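Structure, as structure tokens:
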Amino acid sequence: MTDRTDLETFPNHHIDRDYIVTLTTDEFTCVCPKTGQPDFAAITIEYIPDEKIIESKSLKLYFWSFRNEGIFHEHVANMILDDLVEALEPRWCRVIADFGIRGGISISVDAEYTMNGNRDGGN
């Protein structure tokens, strides 16, 4: 299992500009902590980098570390966001975890971070 602290980054050479980096996968898996059944999700990460950019292979290995872990959908989306914010210190970051239907119900979790702590689009 990969240590979740192993998210690697590299320097942002365009720190003077705001731009959005989007990473997606439809191969995220974890395990339901109640039933032990596998859960499958599409994960989308969007962020505005500050000084660092995420290295994609380390992100893939990070995602694999959840494969056999029992974790609720809401918690995993927020955990991914927290770990990315810790590694990247971005200007803004959003994680969308869109889990497959189970028992007739689908769950999508949208977790967001801004440098000032406010959600964009908030009231």
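What number of residues within the range 63-85 are in a loop (DSSP other than H, G, I, E, B), more than 12 Å from the chain's Cα centre (by Cα) and hydrophobic (A, V, I, L, M, F, W, C)?
So the count comes out to 2.
Applying the selection to the range 30-53, what residues are surrounded by 16 or more Cβ atoms within 10 Å (Cβ to Cβ) and over 17 Å from residue 96 (Cα atoms)?
31, 49, 52, 53 - these are the residues of the range 30-53 that are surrounded by 16 or more Cβ atoms within 10 Å (Cβ to Cβ) and over 17 Å from residue 96 (Cα atoms).
Could you check the range 1-62 for strands (runs of 3 or more DSSP E) lying wholly inside it with 3 or more residues that are free of Cβ contacts under 8 Å to residues at least 60 places away in the same chain and farther than 18 Å from residue 112 by Cβ?
Hits in the range 1-62: 21-31.
Could you list all residues from the range 86-96 that are assigned to a loop (DSSP other than H, G, I, E, B) and of a type in the set (A, V, I, L, M)? Spell out the reasoning first.
At the first step, the residues of the range 86-96 found to be assigned to a loop (DSSP other than H, G, I, E, B) are 89-91.
Those that are assigned to a loop (DSSP other than H, G, I, E, B) and of a type in the set (A, V, I, L, M): none in the range 86-96.
Can we say residue 107 is without any contact (Cβ under 8 Å) to a residue 40 or more places away in the chain, of a type in the set (A, V, I, L, M, F, W, C), surrounded by fewer than 18 Cβ atoms within 10 Å (Cβ to Cβ) and over 30 Å from residue 13 (Cβ atoms)?
The answer is yes for residue 107.
Need the failing condition index for residue 4 against (1) surrounded by 15 or more Cβ atoms within 10 Å (Cβ to Cβ); (2) under 15 Å from residue 68 (Cβ atoms); (3) at pLDDT 95 or above, just the number.
Just one mismatch for residue 4, condition (3).
The values are calculated or read from the model by the stated rules, or taken from the named source; none is laboratory data. Small disclaimer: the values here were computed from a predicted structure and weren't measured. Virtual Cβ from ideal backbone geometry, glycine too; neighbours counted across all protein chains shown.
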